[in-house]
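Notes follow the structure.
The values are calculated or read from the model by the stated rules, or taken from the named source; none is laboratory data. All values reported here derive from a predicted model rather than from experimental measurement. Cβ: placed from backbone, ideal geometry, glycine included. Neighbour counts: every protein chain shown. Side chains included, ligands, DNA and RNA excluded: accessible areas come from the protein's heavy atoms. Shrake-Rupley method; radii C 1.70, N 1.55, O 1.52, S 1.80 Å.
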Amino acid sequence: MKLLMIEDNHSVSQMMSMFFKKEQWDAHFAYDGKEAMTMFSATPNEWDMVTLDLNLPGMDGMQVSAEIRKISPTVPIIMLTARDSESDQVLGLEMGADDYVTKPFSPITLIARIKALHRRAALGPVAQATADTPTDDTESFDVMTDNFKLNTKTREAYLNGRQIQDLTPKEFDLLKTLAQKPRQVFSREQLLQLVWDYEYYGDERTVDAHIKKLRQKIEKVGPQIIQTVWGVGYKFDDSGADQQ
């Protein structure tokens, strides 16, 4: 794994470098937002993971996350934040982060989060060559309804024959979880347990932030298929998504 850690605290970086070395990861370090963007944009397709401190000199973590997402919609991002405010954490997710870890954190916890996110991201690359032309081989799709198809191996999802573009690893897994059981209502707590590989200690707004971004990407290609069930959670329903 080639990892970019963006962290202005040199002591934290030095500590984590030992753990990254033990995992035999190719870790690189940036100490402010502008330096990070220079490093990332030089070779954007080579990075497998980014860990990003929220409080950075030059350009803060929110700005860096947004700029990285303009260059790479799918590279996994874990935001590191010393802030306790839920609104900051949710805003970080809305700006493009896939996950967050609150400081002070255990290095072992961060390593576990990185492995979990990387494992999901590595299940298969998002193919771009046939963005609006899904294959006719129906056996290649793990989920199929009248209007929706999803392929776990290629990490592709299609609505009415059009690919839902630039899904992050968590957004894809969230969509897959919902689509596998159409019209079944999932609570936020259930989605946290199914989509994330660890307990989020009741931080259900994490789900809302990812649902918001997922819906924005779905709406670029067709009608909304992720429905809110007020007071309960969310469900997948493409019954009204027929092409007009």
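Got at least one residue in segment 138-147 being modelled with pLDDT of 90 or more and surrounded by 20 or more Cβ atoms within 10 Å (Cβ to Cβ)?
no
Being hydroxyl-bearing (Ser, Thr, Tyr), more than 22 Å from the chain's Cα centre (by Cα) and in a helix (DSSP H, G or I) is the filter here; which residues of segment 138-189 pass it?
So the first thing to find is which residues in segment 138-189 are hydroxyl-bearing (Ser, Thr, Tyr), and the list is 138, 140, 145, 152, 154, 158, 168, 177, 187.
Filter once more, keeping what is more than 22 Å from the chain's Cα centre (by Cα): 138, 140, 145.
Correct list: Thr138, Ser140.
Please find, within segment 82-110, the residue that is farthest from Met1 (Cα to Cα) out of those that are touching a Phe, Trp or Tyr at 6+ places or on another chain (Cβ under 6 Å) and modelled with pLDDT under 85. Working first, answer last.
Taking segment 82-110 as the starting set, the residues that turn out to be touching a Phe, Trp or Tyr at 6+ places or on another chain (Cβ under 6 Å) are 89, 92, 107.
When the remaining residues are screened for being modelled with pLDDT under 85, the result is 89, 92.
Details: Gln89: 26, Gly92: 23 Å.
The extreme case among them is Gln89.
Only one of (1) closer than 25 Å to Tyr100 by Cα; (2) touching a Lys or Arg at 6+ places or on another chain (Cβ under 7 Å); (3) crowded, with 18+ Cβ neighbours inside 10 Å; (4) not small (Gly, Ala, Ser) fails for Arg155. Which number is that?
(2)
Can you name every residue in segment 49-68 that is closer than 15 Å to Ser13 by Cβ and open to solvent by 40 Å² or more (accessible area, probe 1.4 Å)?
Asn55, Pro57
Within segment 22-34, does at least one residue satisfy the condition of being of a type in the set (Lys, Arg), within 21 Å of Ile108 (Cα to Cα), assigned to a helix (DSSP H, G or I) and in contact with a strand residue (DSSP E or B) (Cβ under 9 Å, 6 or more places away or on another chain)?
Taking every residue of segment 22-34 in turn, none turns out to be of a type in the set (Lys, Arg), within 21 Å of Ile108 (Cα to Cα), assigned to a helix (DSSP H, G or I) and in contact with a strand residue (DSSP E or B) (Cβ under 9 Å, 6 or more places away or on another chain).
Identify, please: which residue in segment 17-38 is open to solvent by 80 Å² or more (accessible area, probe 1.4 Å) and not charged (D, E, K, R) and is, among those, farthest from Ala112 (Cα to Cα)?
That would be Thr38.
Let's see how each residue does on (1) without any contact (Cβ under 8 Å) to a residue 12 or more places away in the chain; (2) over 19 Å from Lys70 (Cα atoms):
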site: Asn9; (1), (2): no, yes
site: Ser13; (1), (2): no, yes
site: Met16; (1), (2): no, yes
site: Phe19; (1), (2): no, yes
site: Lys22; (1), (2): yes, yes
site: Lys34; (1), (2): no, no
site: Thr38; (1), (2): yes, no
site: Ala42; (1), (2): yes, no
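Among (1) out of contact with any helix residue (DSSP H, G or I) (no Cβ under 7 Å at 6 or more places or on another chain); (2) among the small types (Gly, Ala, Ser); (3) closer than 29 Å to Leu192 by Cβ, where does Ser13 come up short?
(3)
Output the number of residues of segment 207-240 satisfying the condition of being open to solvent by 60 Å² or more (accessible area, probe 1.4 Å), assigned to a helix (DSSP H, G or I) and touching a residue at least 12 places away in the same chain (Cβ under 8 Å). Full working, then the answer.
From segment 207-240, those open to solvent by 60 Å² or more (accessible area, probe 1.4 Å) are 212, 216, 219-220, 227, 230-232, 239-240; that's our starting set.
Going one step further and asking which of them are assigned to a helix (DSSP H, G or I), we end up with 212, 216.
Narrowing further to those that are touching a residue at least 12 places away in the same chain (Cβ under 8 Å): 212.
Summing the residues that are open to solvent by 60 Å² or more (accessible area, probe 1.4 Å), assigned to a helix (DSSP H, G or I) and touching a residue at least 12 places away in the same chain (Cβ under 8 Å) in segment 207-240 gives 1.
Taking Glu46 as the residue in question, decide whether it is within 27 Å of Leu214 (Cβ to Cβ), open to solvent by less than 60 Å² (accessible area, probe 1.4 Å) and outside the structural domain of Leu214 (by the TED database).
Numbers: within 27 Å of Leu214 (Cβ to Cβ): yes; open to solvent by less than 60 Å² (accessible area, probe 1.4 Å): no; outside the structural domain of Leu214 (by the TED database): yes.
Here the answer is no, as Glu46 does not meet what is asked.
Of the residues Ile78, Ile71, which single one is within 16 Å of the chain's Cα centre (by Cα), surrounded by fewer than 16 Cβ atoms within 10 Å (Cβ to Cβ) and either in the same structural domain as Glu204 (by the TED database) or touching a residue at least 12 places away in the same chain (Cβ under 8 Å) (or both)?
Working: Ile78 fails: surrounded by fewer than 16 Cβ atoms within 10 Å (Cβ to Cβ).
Among Ile78, Ile71, only Ile71 is within 16 Å of the chain's Cα centre (by Cα), surrounded by fewer than 16 Cβ atoms within 10 Å (Cβ to Cβ) and either in the same structural domain as Glu204 (by the TED database) or touching a residue at least 12 places away in the same chain (Cβ under 8 Å) (or both).
Filter segment 111-137 down to the residues that are more than 29 Å from Ile78 (Cβ to Cβ) and either modelled with pLDDT of 85 or more or within 15 Å of the chain's Cα centre (by Cα) (or both) and list them by number.
none
Starting from residues that are touching a residue at least 40 places away in the same chain (Cβ under 8 Å) and assigned to a helix (DSSP H, G or I), keep the ones in segment 55-68 and report whichever is farthest from Val101 (Cα to Cα).
Within segment 55-68, the subset touching a residue at least 40 places away in the same chain (Cβ under 8 Å) is 55-57, 61, 64.
Next, only the ones that are assigned to a helix (DSSP H, G or I) stay: 61, 64.
Numbers: Gly61: 13, Val64: 17 Å.
So, considering only residues that are touching a residue at least 40 places away in the same chain (Cβ under 8 Å) and assigned to a helix (DSSP H, G or I), the one farthest from Val101 (Cα to Cα) is Val64.
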